[in-house]
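The values are calculated or read from the model by the stated rules, or taken from the named source; none is laboratory data. This one's a predicted model, so the numbers in the text were calculated from it and none came from an experiment. Here the Cβ positions follow ideal geometry from the backbone for every residue, glycine too, while neighbour counts run over all protein chains shown.
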Ligand SMILES: NC(=O)c1ccc[n+]([C@@H]2O[C@H](COP(=O)([O-])OP(=O)(O)OC[C@H]3O[C@@H](n4cnc5c(N)ncnc54)[C@H](OP(=O)(O)O)[C@@H]3O)[C@@H](O)[C@H]2O)c1
């Protein structure tokens, strides 16, 4: 089973790298953009990764046509909403155009295509979104991902689209997850404003990687379509922040609860993009960890 993974130096891709590289039935081709990146052993299990700029269409064609993977897991993206808002050409090139290239190649070589999208395709006015709700992004990042979803649906028959929520966990560079970013601030003794009225349904990157593994080579490998891949609990940013502070024994007093409307932000922040993931949860052969279980499983 040949799997081509993009985004292997990132938070989710790194956790997919850890899973697939530990699976003896998988021949893994794991890619990232930065040629200087070397995956820590706990992510790579000694597996070599390689640089592939996904915005270089010719290189992507060469790599995919040489490998001819059975499955492509596309986890690379510009996932920072502010970056995407102010760097639209770069965001479009990776999030949309490169996805189109990979999806086209997946169909051409008969590969299964697993695309990672986001809860930020929604505007946040409703919450508890299920797969029948219509996207209405309010950021350029959300727009690129919603358009990429449409392309994937149109271009590849054998596709899975997983809308991910806010991700927790450990990233290969140690600076990508919600807990890593907050921990850094609190460790430095800086005050942090967290919204008490902005809601997400977080999941750990490790738990999502396990779900992706099920879709790639496990019990869900025959299933196609769109799935919300949120966690079991809906939490405000403040509630999540306090859980993280308590887990890592950091100073919760540095957290200041504020209302969304009290902070101007561009792009605007959706109020409630909680995902209703009942469709996926009912199919999973394993139960998902709670937020506390996920946080407790992280190293100190
Ligand atoms: N993080 C979240 O909370 C969250 C929430 C919802 C959905 N998602 C989605 O989940 C997926 C994974 O997100 P993430 O947080 O794991 O991302 P991330 O940590 O920011 O990692 C991004 C990855 O994309 C790669 N990349 C960037 N530019 C590239 C290029 N030109 N060519 C090839 N690779 C390139 C990066 O490689 P280098 O490191 O080498 O630059 C890195 O491996 C994305 O689709 C994102 O939209 C994330």
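Please go through the range 68-77 and pick out each residue that is surrounded by 18 or more Cβ atoms within 10 Å (Cβ to Cβ) and either more than 13 Å from the chain's Cα centre (by Cα) or not in a strand (DSSP E or B) (or both). Residues satisfying the conditions are 69, 70, 71, 72, 75, 76, 77. Checking each residue of the range 257-268 against the condition of being surrounded by fewer than 18 Cβ atoms within 10 Å (Cβ to Cβ), in contact with a helix residue (DSSP H, G or I) (Cβ under 7 Å, 6 or more places away or on another chain), at pLDDT 95 or above and not in a loop (DSSP other than H, G, I, E, B) gives at least one match.
Taking the condition within 16 Å of the ligand (Cβ to nearest atom), surrounded by fewer than 19 Cβ atoms within 10 Å (Cβ to Cβ) and in a loop (DSSP other than H, G, I, E, B), does residue 174 pass? It is true that residue 174 is within 16 Å of the ligand (Cβ to nearest atom), surrounded by fewer than 19 Cβ atoms within 10 Å (Cβ to Cβ) and in a loop (DSSP other than H, G, I, E, B). Only one entry in 87, 23, 62 is closer than 25 Å to residue 299 by Cβ and either surrounded by fewer than 18 Cβ atoms within 10 Å (Cβ to Cβ) or near the ligand (Cβ under 9 Å from one of its atoms) (or both), namely 23. Could you tell me how many of the residues in the range 43-59 are near the ligand (Cβ under 9 Å from one of its atoms), surrounded by fewer than 18 Cβ atoms within 10 Å (Cβ to Cβ) and in a loop (DSSP other than H, G, I, E, B)? Selection size over the range 43-59: 3.
Residue 228 meets each of the listed conditions (1) closer than 16 Å to residue 199 by Cα; (2) free of Cβ contacts under 8 Å to residues at least 12 places away in the same chain apart from (2). Does residue 232 satisfy being out of contact with any strand residue (DSSP E or B) (no Cβ under 7 Å at 6 or more places or on another chain) and in a loop (DSSP other than H, G, I, E, B)? It is true that residue 232 is out of contact with any strand residue (DSSP E or B) (no Cβ under 7 Å at 6 or more places or on another chain) and in a loop (DSSP other than H, G, I, E, B). For the range 219-238, which residues satisfy the criterion of being over 20 Å from residue 146 (Cα atoms) and in contact with a helix residue (DSSP H, G or I) (Cβ under 9 Å, 6 or more places away or on another chain)? Selection gives 220, 221, 223, 231, 232, 233, 235, 237. Of everything in the range 104-127, what is without any contact (Cβ under 8 Å) to a residue 60 or more places away in the chain, near the ligand (Cβ under 10 Å from one of its atoms) and closer than 16 Å to residue 209 by Cα? Give them in sequence order. If the condition is that a residue be without any contact (Cβ under 8 Å) to a residue 60 or more places away in the chain, near the ligand (Cβ under 10 Å from one of its atoms) and closer than 16 Å to residue 209 by Cα, then 115, 117, 118 are the ones that fit. The residues of the range 137-170 that are within 19 Å of the chain's Cα centre (by Cα) and farther than 27 Å from residue 291 by Cβ, listed by number, are 140, 143, 144, 147, 148, 150, 151, 152, 153, 159. So, in the range 181-211, exactly how many residues are under 15 Å from the mean Cα position of the chain (by Cα) and part of a helix (DSSP H, G or I)? Qualifying residue count for the region: 7.
Can you pull out every residue in the range 65-84 that is within 14 Å of the ligand (Cβ to nearest atom) and either touching a helix residue (DSSP H, G or I) at 6+ places or on another chain (Cβ under 8 Å) or under 24 Å from residue 25 (Cα atoms) (or both)? 72, 73, 74, 75, 76, 77, 78, 79, 80, 81, 83, 84, listed by residue number.
Taking the conditions exactly as written (more than 16 Å from residue 171 (Cα to Cα), within 15 Å of the ligand (Cβ to nearest atom) and not in a helix (DSSP H, G or I)), does residue 5 satisfy them or not? When the stated conditions are applied, residue 5 does not pass them. When residues in the range 136-146 are screened for being more than 26 Å from residue 210 (Cα to Cα) and either within 16 Å of the ligand (Cβ to nearest atom) or surrounded by 24 or more Cβ atoms within 10 Å (Cβ to Cβ) (or both), 5 of them pass.
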